[in-house]
1. Quick check: is even one residue across the stretch 216-239 assigned to a loop (DSSP other than H, G, I, E, B), of a type in the set (A, V, I, L, M, F, W, C) and at pLDDT 95 or above?
2. So which residues in the stretch 120-168 are assigned to a helix (DSSP H, G or I), touching a residue at least 40 places away in the same chain (Cβ under 8 Å) and open to solvent by 10 Å² or more (accessible area, probe 1.4 Å)?
3. Please pick out the residue among R238, R224, R190 that is open to solvent by 20 Å² or more (accessible area, probe 1.4 Å) and more than 30 Å from P303 (Cα to Cα).
4. Being under 21 Å from G114 (Cα atoms) and either hydrophobic (A, V, I, L, M, F, W, C) or in contact (Cβ under 8 Å) with a residue 60 or more places away in the chain (or both) narrows it down to one residue among P349, P376; which is it?
5. Kindly list the number of the only condition in (1) open to solvent by 20 Å² or more (accessible area, probe 1.4 Å); (2) part of a strand (DSSP E or B) that fails for S263.
6. Please enumerate the residues belonging to the stretch 163-174 that are touching a helix residue (DSSP H, G or I) at 6+ places or on another chain (Cβ under 8 Å) and under 22 Å from A62 (Cβ atoms).
7. Which residues, counting only those in the stretch 53-76, are in contact with a strand residue (DSSP E or B) (Cβ under 8 Å, 6 or more places away or on another chain), assigned to a loop (DSSP other than H, G, I, E, B) and at pLDDT 95 or above?
8. Taking strands (runs of 3 or more DSSP E) that fall entirely within the stretch 291-405, which contain at least 1 residues that are open to solvent by 10 Å² or more (accessible area, probe 1.4 Å) and in contact with a Cys (Cβ under 8 Å, 6 or more places away or on another chain)?
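The values are calculated or read from the model by the stated rules, or taken from the named source; none is laboratory data. Because the structure is predicted, anything quoted here is derived from the model rather than measured. All Cβ positions, even for glycine, are placed from backbone atoms using ideal geometry, and neighbour counts span all protein chains on display. Ligands, DNA and RNA are excluded from the accessible area calculation, which covers all protein heavy atoms including side chains. Shrake-Rupley method; radii C 1.70, N 1.55, O 1.52, S 1.80 Å.
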Amino acid sequence: MRVTDALSRIDADELIALTRDLVRIPSVVRPGDPTATEAAVAAHVERWLSIEGFDVEVHEVAPGRPNVLASIGASSAGPTLLLEGHTDVVTEGNVDEWSHPPFGGDLVDGRIYGRGSADMKSGLAAAMVAAAAIKRSGARLGGRLVVGALVDEEGDMLGARHLCTTPLGRELSAAIICEPEQNELCLEQRGVVWARVTVRGRMAHGAMPEAGINPITALGALLREAPALERRLRRLSRRSPHLRPPTVTPTMAQAPVQGVPQSNVIPSMAQATLDIRLTPGPDADAVAKEIDVACQRAMEACPGATVEWQPVNGYRMATRVERSEPLVRAMGRGVRQATGKPPRFGGVPGSTDGTILRMTLGIPIVTCGPGHRLIPHQVDEHVEVAELVDAARIYVASALNFLRP
């Protein structure tokens, strides 16, 4: 009865309007521009939740980059559940390639268009409206419900890392990560290591290569090792019905690293970044060992060059929770209550704030939110309104199931 009552308090028009309002506030973080942060959208989230009567905390993670945390209920009554979203979005890219303005929040044929519409202002809006519906219903909670709007998920995940250091963060028992996964219950997500490889050689004239050691040649040898590194990581990993196996993808290459590039100069240094995606199985030490092997083989192929690497922003290992977890059971039942359909299970192809929460706090996480998982970071990003409304309903039912008195 309490679930039915709370579900009836969801106003689809309110949810659509809130999502469009959030999309219309640009929150691309542009280094060097102090006005281009998450501050404006965080302020909107804070105002909305304050008007709804939530206890709201604002934590300044970095200048102009605040986490917003709103809660109802009491941790003394039981577990604490987080509904988590992030306020930053990736660049819109070339505006001319968009069919709808990237920050217009246009509603067309049952879809909301704009940068962040799927990733993930719709999920954040659904979490906010779901929590408000529960509060409006007056349902008694056997614990505490927290809505978290965090900064920097698309970068270094500073918001999630900061949350883990706070008293409220340390009280968390479980989290629903509201990322765009077509409302599937994703129990696994890939980890990531960004391996920054630095190759050092010896500067020389391009016409006399024998006088130097070309780091670009060694970098090429390292890149040729990427497929073998990928195969070794796959052998160490468990198979998953929902996740692609590990991948090793070169994403950046630069030479020279310092100074002016010139056609007739062999540089002294080159760099590349390998985007290494992981599935459950190997730990950080095992992954590091395999990357070391790739670097060693590159050096053997190019005598005199040194090839070293370091992880950019540390290791974010793959995560997994079991279907027997109370949160998973609460959400499975919640999907049926909210949609009348059985839950669909899946996996997250990338890494989310949930990775940090799982690794640092050890809490179970389930990723579930509106939006097609392939649409983030593309032009004409959009979210289906029907999925958006279903997500809010799923959050209501799941939270009430998990926080049953």
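1. Scanning the stretch 216-239 turns up no residue that is assigned to a loop (DSSP other than H, G, I, E, B), of a type in the set (A, V, I, L, M, F, W, C) and at pLDDT 95 or above.
2. Selection gives K135, R136, S137, L158, R161, H162, L168.
3. Unique residue meeting the criteria: R238.
4. Going through P349, P376 in turn, the sole match is P376.
5. Only one criterion is unmet by S263, namely (2).
6. Listed by number, the residues that qualify are L163, C164, G169, R170, L172.
7. Within the stretch 53-76, F54 is the sole residue that qualifies.
8. Once the strands (runs of 3 or more DSSP E) in the stretch 291-405 are filtered for at least 1 residues that are open to solvent by 10 Å² or more (accessible area, probe 1.4 Å) and in contact with a Cys (Cβ under 8 Å, 6 or more places away or on another chain), what remains is 306-316, 345-348.
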